[in-house]
Amino acid sequence: MRTRRVVVGAIASAVLLVAGVGLFIVGLQALTGGTGARAPTSTPFAPVVKLLTPLPGVTFVAPVATAIPGKPAPTAAATAPIAAPTLVAGGPPDPDGQVAGIKDFSCPAPRVAPAKFGYGIQSNWPVGNIGEWNSVMAEKLKLTWTKAQFRWKDYEPERGKIDAYRWQILDAFVGDANKKGLNILFGVIDAPNYLRTSFKGGNAGPPDDFNEAARLFKRITARYRGCVQAIEVWNEMNLDREWQTPRGVIAGVEYVNFLKVVGPAIREEDPNMLLVMGALSPVGATVAGQFTDDFAYMDQFVAAGGAGLVDCVGVHLNGFNFPPDKEWNAGYNDPTATFRGPFDNPDHSWSFVSTIKGYRQRTNKPMCVTEFGWPSMENLGVPGFPPGFDFALDNTEKEQADWIAQGFTILRELGYVRFGIVFNLDYSRKIGQKPNEAGGDPAIYSVIRTDGTLRPAFDAIERMPKP
């Protein structure tokens, strides 16, 4: 099952990338009101963020300042308070953050990551109208965090060249989200192929020369200082589909060596930005050269000194068909479940709460949950499920809603979690694949259906207390 998940994920990523190219152009038309054609380098495109007519089923309501009863916040802060630096809106740009061919970016309302637990969700931000979807997150759902994935190879597609158009769209997203009060987590992944020599199975990975990554992180951090509050350094490094290198080693010490080069570049440009360890995939098994058990990998990471290099440990909590409050070894069983993995083959990786507690025990660091959620096939209008996601048939939309809300409560009450980010808001509207097709799996996690109507999880996130 675990091997199949890895293989399916690789196929899904490839299909998603191909579909995303076409949808990206459509989204730019909505954003700019134009044809989506690239502007010449000499006269670069200047995006205008505007709010378009809401999608079917999404009604925008101005936020009302009403007190919501709920449990009090934990007495112990998740981390020690961060000393507020001197941040000036519209201050002089940092030369290290310059991108050739476009104007410098200036953060409208600079701020650091709040110490208070944060509620967030990830959107497929480059597709569709940026202002509209940021408003959904900030004004409709009243969230305080969002995640933007930064695929490096898209921004520097050829040696010595950049895609200025994509950088400008990113500028528009960051500036608009910042003005609407959203804190931003950047998740940086996938080095360009010309910086790599190992491509087994088409897998992604870091550059052969880690100094190239330091250069990129330096540019990102300098450009978006004060507007991006946290940066996740890579993604699921315990899988070869994300960490394919010439050495062919999937071990915590390899990632520590990467951090030793990249971390100082981030710290130099913005010591207040949360440096987040890339979240591991909770696989619960090891096959040499393909994937490593996440607890074993974390032990290696700590033994090599990795915990001292990050501010926060990134966490992915995959919901499967298992409630968030159940420990993996507590004997919980759902006799109605058709997918039997968590019940017939118990392991920590099936469990939301066991996974994050295990990471905390090993690292004694704050946790940053950069992705969590539960899939459901209910009311998506198609039979079956995407390959490898049969557990989604066991989850009702009500369970999806209840477990996301319960997950947020658990994370806040643990007392050592900085924020939790749900996967996802809107991929169902933007990826092109049907929910039961290969590559359609992001749609089954979305809190909006493919026809634009709201799932119960959307309402649950909007209505739940957010102390």
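Using only the C-alpha atoms, the convex hull of the range 292-392 corresponds to 120 Å³ per residue. Ordered by the number of other Cβ atoms lying within 10 Å of each residue's own Cβ, fewest first, Glu327, Glu399, Glu371 fall into the sequence Glu327, Glu399, Glu371.
Pairwise over distinct Cα atoms, reciprocal of the mean inverse distance: report the Kirkwood radius of the range 112-213 in Å, one decimal place.
Working: mean 1/r = 0.0658 Å⁻¹.
Every distinct Cα pair counted, the radius reaches 15.2 Å.
Once the other residues with Cβ under 11 Å from the Cβ of Ile421 are scored (Lys, Arg +1; Asp, Glu -1), what is the net sum? Don't skip to the answer; put the middle values down first.
Numbers: positive: Lys147, Arg418; negative: Glu232, Glu371.
Once all neighbours under 11 Å are counted, the net charge is 0.
Treating each Cα of the range 391-467 as an identical point scatterer and summing with the Debye formula, the log10 of I(q)/I(0) at q = 0.22 Å⁻¹ comes to -1.01.
For the range 385-455, what relative contact order do you get, as a whole percent, if you take Cα pairs closer than 8 Å and at least 6 residues apart? Mind showing how you got there, number by number?
Numbers: 72 pairs, mean separation 22.4, N = 71.
Over the range 385-455, the number comes to 32 percent.
Treating each Cα of the range 369-425 as an identical point scatterer and summing with the Debye formula, the log10 of I(q)/I(0) at q = 0.14 Å⁻¹ comes to -0.44.
Largest first and in whole Å, what are the equivalent-ellipsoid semi-axes of the range 91-132 based on the Cα gyration tensor, each being the root of 5 times an eigenvalue? Intermediate values should be presented prior to the final figure.
On the way: eigenvalues 123, 75, 17 Å².
Equivalent-ellipsoid dimensions as semi-axes: 25, 19, 9 Å.
With contacts taken as Cα pairs under 8 Å and at least 6 residues apart, the range 335-467 reaches a relative contact order of 26 percent. Straight Cα distances below 19 angstrom link Lys161 to the lysines Lys103, Lys153, Lys218, with same-chain residues fewer than 8 positions distant left out. With distances taken between every two different alpha-carbon atoms, the range 213-351 has a Kirkwood hydrodynamic radius of 16.5 Å.
Every number in this text was worked out from the coordinates using simple rules, so none of it is lab data. It should be emphasised that the depicted structure is a prediction, and the values quoted were computed from it without experimental measurement. Neighbour counts are summed over all protein chains in view; Cβ atoms, including those assigned to glycine, are modelled from backbone coordinates with ideal geometry.
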